[in-house]
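Undergrad: Below is the structure I would like to discuss, written out as structure tokens.
Values in this text are rule-based calculations from the coordinates and carry no lab data. For clarity, every value in this text was computed on a predicted model and none was experimentally measured. Cβ sites come from the backbone with ideal geometry, for glycine too, and all protein chains shown count toward neighbours.
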């Protein structure tokens, strides 16, 4: 038997349902700021009515005869996914997060699939969708429908005025100082973000690629060839590297090498989709946007303009986020190309066959980019082979809220331990080629990771409110051949606590490759001047 109701009544009930069951994280964060006592109780109650009225206003404005049911069902699904991400990982759904969703692949998405998600979908998507499907909406004539819509809008606005007016000081403070909390309203904020994300394509249609560094050259008198490996890490926190003082020994192999570890480096963004294009662009974090980055030639293009650099990108992550579109790109995420899979394809597999590739390059310098799977969460326990499970007990589920902070940290640190192994193999590979090349490795992570601190997991928080764990990243350098012999290590180590960032990568790589270019800014090259005073070091 079908239920019968009007559109106005249905939207009033649905908006209440959204407020009650999809906004746990929002009200949890509100109560963390406004203790449930005294006038704060009144304010939180008024905030509940405010959100109910705001959602009702939005739904009333969107209502359309015969499209109400499909619209509500779509909102149930999207809001369920948003609620799951916010409740499970403390993640806010902004336009950057939506970019991550667009850029992610099926493998990454599967790591987020849990039994808890199934329960959310059953209770917050399937159940209300069935109720809406079996509800018969009584539609009136057009004039009556317009009047009903007007009354719905007026009711919502009146409710908002009535709750805000008596508590003006509370709301003024809330809107002025608690902007981050508003990121968790569901569905209003993610719908706002969807609009913002969509309009970026309208405002910035695809245009001709803007040229950069077309005058780039490598001086003809340069007697030495460069072989540089740039390792783009994934989700690594600088405070979990023992090279930087972490109490667990997560870098036992790197500490045996003559590496330089930088301890004050920040990322351009809190997600791969932003940070990777940003670190290869010349804009810097303050001026960068994904649209500008994609519309302008990047570091790899500048190097290509020299006609003297052979560039290869090998990827064991989702992809290059558009950076490697115009150079040789190899996908190492599957066993068809990566020979070291168990069944997870390992980062070290990207080194297989690399010597044969380099041997075929007879005259040019070589830049190789290795994009790691690294510490990609939430299934950290999958990111390393069993023999690297040194720190125990570990979290062996992608439902991080079911694990203790110690278990999460141990699984994460075992993945760091595997990165230590991988980087040591990169160095070993470069050592074998140091008699023919000036060799060097630069490792830097794309962003950090929250491991449950303050109830926040993973990454991709809006940069302005992101915890340090998500933006403070490790950066490590190693040099071989003449490059090692000509490096002033004493001077370089004095710089390890300087405030560097992804902004420096573009110019530092150009400097390491000895490229002369109008795009090069010496002041942003970390190594500028470091090779002036030779100092013989042990290899």
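Undergrad: In the set [x] 50, 24, 22; [y] 38, 26, 25; [z] 40, 32, 20, which value of semi-axes √(5λ) of the Cα gyration tensor in Å was calculated from the structure you see?
TA: Here the calculated entry is [x].
Undergrad: Helix 68-89 sits at what angle to the longest principal axis of the chain, using alpha carbons and giving 0 to 90 degrees rounded to 10?
TA: 50
Undergrad: Counting other beta carbons within 10 Å of each residue's own, what order do 309, 515, 102 fall into, fewest first? Don't jump to the answer; show the numbers that get you there.
TA: Values: 309 22, 515 25, 102 8.
Listing 309, 515, 102 from fewest to most nearby Cβ atoms yields 102, 309, 515.
Undergrad: Next question, about the same structure. From the square roots a ≥ b ≥ c of the eigenvalues of the alpha-carbon gyration tensor of the stretch 336-475, which class results: rounded (a/c under 1.5), prolate (a/b over b/c), or oblate?
TA: It is prolate, given that a/c is not under 1.5 and a/b is the larger ratio.
Undergrad: Still on this structure: How many Å³ per residue does the convex hull of the Cα positions in the stretch 226-524 occupy? Provide the component values of the computation, followed by the final result.
TA: Numbers: hull volume 38.6 nm³, N = 299.
Measuring per residue, one finds 129 Å³ for the Cα hull of the stretch 226-524.
Undergrad: Assign one of three labels to the stretch 269-410, namely rounded, prolate or oblate, based on the Cα gyration tensor with a ≥ b ≥ c the square roots of its eigenvalues; rounded applies when a/c is under 1.5, prolate when it is not and a/b is larger than b/c, and oblate otherwise.
TA: Oblate is the answer for the stretch 269-410, as a/c is 1.5 or above yet b/c matches or exceeds a/b.
Undergrad: Another question, then. If I fit a long axis through the Cα atoms of helix 168-177 and take the longest principal axis of the Cα atoms of the chain, what angle between them do I get, 0 to 90°, rounded to 10?
TA: 20
Undergrad: List residues of the stretch 358-387, by number, whose backbone nitrogen lies under 15 Å from a label position 7 Å along Cα→C-beta of residue 425.
TA: Counting only backbone N, you get 370-375, 383-387.
Undergrad: May I pose another question? Give me the Kirkwood hydrodynamic radius of the stretch 204-259 in Å, from all C-alpha pairs, to one decimal place? Please report the intermediate quantities before stating the final value.
TA: Details: mean 1/r = 0.0608 Å⁻¹.
Answer for the stretch 204-259: a Kirkwood hydrodynamic radius of 16.5 Å.
Undergrad: I'd like the distance between the alpha-carbon centres of the stretch 11-88 and the stretch 441-475, rounded to an integer number of Å.
TA: Here the two parts' Cα centres lie 29 Å apart.
Undergrad: Once you sort the root eigenvalues of the Cα gyration tensor of the stretch 9-92 as a ≥ b ≥ c, which label holds: rounded (a/c under 1.5), prolate (a/b larger than b/c) or oblate (the other case)? Could you put the intermediate results ahead of the total?
TA: Working: a/c = 3.48, a/b = 1.54, b/c = 2.26.
Note, shape of the stretch 9-92 comes out oblate.
Undergrad: Another question about this same structure. Nearest 10 degrees, 0 to 90: what angle lies between the long axis of helix 24-33 and the longest principal axis of the chain (Cα atoms)?
TA: The angle comes out at about 80 degrees.
Undergrad: Tell me the Kirkwood hydrodynamic radius of the stretch 467-534 in angstroms, computed as one over the mean inverse distance between distinct C-alpha pairs. Before the final figure, lay out the partial values.
TA: Values: mean 1/r = 0.0765 Å⁻¹.
Every distinct Cα pair counted, the radius reaches 13.1 Å.
Undergrad: For the stretch 377-452, compute the orientation-averaged projected area of the C-alpha convex hull (one quarter of its surface), in nm².
TA: 5.7
Undergrad: Would you compute, for the Cα atoms of the stretch 3-203, the largest minus smallest coordinate along each principal axis and list the three values in descending order, in whole Å?
TA: 49, 44, 39
Undergrad: A further question on this structure: With the radius of gyration and the Kirkwood radius both derived from the Cα set of the stretch 111-217, what is their ratio Rg to Rh? Before the final figure, lay out the partial values.
TA: Values: Rg = 22.9 Å, Rh = 20.0 Å.
Radius of gyration relative to Kirkwood radius: 1.15.
Undergrad: Determine the percent antiparallel among the DSSP beta bridges restricted to the chain, to the nearest 5.
TA: Given both bridge residues lie in the chain, the antiparallel proportion sits at roughly 35 percent.
Undergrad: For residue 453 paired with residue 364, estimate the spin-label separation in nm (one decimal), with each label point 7 Å from Cα along the Cα-to-Cβ line.
TA: About 4.2 nm separates the two model spin labels.
Undergrad: Taking a spot 7 Å from the Cα of residue 220 along the direction of its beta carbon, which residues of the stretch 503-525 have an amide N less than 12 Å from it?
TA: none
Undergrad: Moving on to the next point. What does the extension gain come out to for residue 158 and residue 258, with contour length at 0.36 nm per residue minus their alpha carbon separation?
TA: 29.1 nm
Undergrad: Output the antiparallel fraction of DSSP beta bridges having both residues in the stretch 226-524, as a percent to the nearest 5.
TA: Working: 14 of 41 bridges.
Counting only bridges with both partners in the stretch 226-524, antiparallel ones make up about 35 percent.
Undergrad: Taking R0 as 45 Å, what FRET efficiency do you get between residue 31 and residue 497 from their Cβ-Cβ distance, rounded to the nearest 0.05?
TA: 0.70
Undergrad: Sorted from fewest to most neighbouring beta carbons within 10 Å, what does the list 214, 237 look like?
TA: Final ranking by Cβ density, sparse to dense: 214, 237.
Undergrad: Same structure, new question: Residue separation times 0.36 nm, minus the C-alpha to C-alpha distance between residue 122 and residue 178: what's the value? Walk me through the numbers on the way to the answer.
TA: Details: separation 56, 0.36 × 56 = 20.16 nm, distance 3.24 nm.
Full extension from residue 122 to residue 178 adds 16.9 nm.
Undergrad: Let me ask something else about it. Using a basic spin-label model with each label point 7 Å from the Cα along Cα→Cβ, how many nm lie between residue 287 and residue 41?
TA: 5.6
Undergrad: Hey, with R₀ at 25 Å, roughly what FRET efficiency would residue 74 and residue 402 work out to, going by the Cβ-Cβ distance, to 0.05? Write out the running numbers ahead of the final one.
TA: On the way: r = 30 Å, r/R0 = 1.20.
FRET efficiency, residue 74 to residue 402: 0.25.
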